[in-house]
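Below you'll find the structure, written out as structure tokens, and then a few comments.
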Amino acid sequence: MLELKSVVCGYGKRVVVQGVSLRVEPGEIIGILGPNGVGKTTLFKSILGHIALLGGQVLLYGKNIHKMTRPEVAQKIGYVPQAHTPPFSYTVRDVVLMGRTAHISLFSAPGAKDYAIAQESLEVVGVSHLADKIYTKISGGERQMVLIARALAQKAELLIMDEPTANLDFGNQFRALQQVQKLAESGLAVVMTTHFPDHVYMCADKVVVIKNCAEVLMGKVKDILTSDLLSELYGLPVIITEINMAGKKLSVCVPAH
């Protein structure tokens, strides 16, 4: 579905992150971890074609993504930003309808099919009751679900999510991650950044750890996220332990002191 080949990202001549090679398959969740400012968002912008690569390739179904048009990319990849506050007081339905832009010609208005898809997307994430609410007046957790619904309305097959649990309380973090898991179970691929290793343990199949500009680690979560690596990454001793949740063993990490 998506393949990164020796990707080098940055601005002008300044390299931010390099040596990223990754394959993303349908139904997979890839978690991306790294300290603040290490280049996670820059990597996303490069994948989406918003900034030019300094090296390597990003392939979407075997095609160079930087040679595809914006609508072509938007029909395959949905982007869920970390935060989004529109300049006008749109309804929730209107915000989700914006996800149909890639499928509507420049001077056309959304039709019955687009409204139906928007409604279906709201129902999938469980917020259809908010359709007529003003987007700027709903809670942060509700906004995050609406942004996921907007990405689903694109009928994309891959979701790129920039810290989908940022600024959410504990309960809404859990509900957002549950929704991510449900989407992957339906066949969508998800690539998401997070500051919380526990979130990667909870739902990711693979992890990418960006330690610094030149050092990137990738692989299965349990193989990569060791206590030694997390201690080095975040600058404090970390212990990894296992808990039972609904009959399933789940790894969690805690500070050693």
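Odds and ends about this structure:
- Residue among SER21, SER46 that alone is under 28 Å from GLY187 (Cβ atoms) and surrounded by fewer than 16 Cβ atoms within 10 Å (Cβ to Cβ): SER21
- Residues (over 15 Å from the mean Cα position of the chain (by Cα) and part of a helix (DSSP H, G or I)) located in the range 176-190: GLU185
- Condition check for GLY235: surrounded by fewer than 22 Cβ atoms within 10 Å (Cβ to Cβ) and within 16 Å of the chain's Cα centre (by Cα): no
- Taking the listed residues LEU59, LEU97, LEU33, the one that is buried (at least 19 other Cβ atoms within 10 Å of the Cβ) and without any contact (Cβ under 8 Å) to a residue 60 or more places away in the chain is LEU97, with no other qualifying.
- Residue in the range 162-175 that is modelled with pLDDT under 90, out of contact with any His (no Cβ under 9 Å at 6 or more places or on another chain) and on the phi > 0 side of the Ramachandran plot present: yes
- Contact map, the range 19-30: first residue among the basic types (Lys, Arg), second residue part of a strand (DSSP E or B), Cβ cut-off under 6 Å, separation 6 or more or different chains; pairs are ARG23/GLU3.
- Search result, residues across the range 33-64 that are among the charged types (D, E, K, R), under 18 Å from the mean Cα position of the chain (by Cα) and more than 17 Å from ASN212 (Cβ to Cβ): LYS45
- Filter pass, VAL38 being outside any loop (DSSP other than H, G, I, E, B), touching a residue at least 24 places away in the same chain (Cβ under 8 Å) and either buried (at least 19 other Cβ atoms within 10 Å of the Cβ) or basic (Lys, Arg) (or both): no
- Selection from the range 4-32 of residues that are in contact with a helix residue (DSSP H, G or I) (Cβ under 7 Å, 6 or more places away or on another chain), among the aliphatic types (A, V, I, L, M) and closer than 17 Å to ASN212 by Cβ: VAL7, VAL16, VAL17, VAL20, ILE32
- Scanning the range 206-225 for any residue that is closer than 19 Å to ASN36 by Cα, more than 25 Å from the chain's Cα centre (by Cα) and assigned to a strand (DSSP E or B) turns up nothing.
The values are calculated or read from the model by the stated rules, or taken from the named source; none is laboratory data. The model shown is predicted, which means the values in this text are computed figures rather than measured ones. Note: ideal-geometry Cβ built from the backbone for every residue, glycine included; neighbour counts use all protein chains shown.
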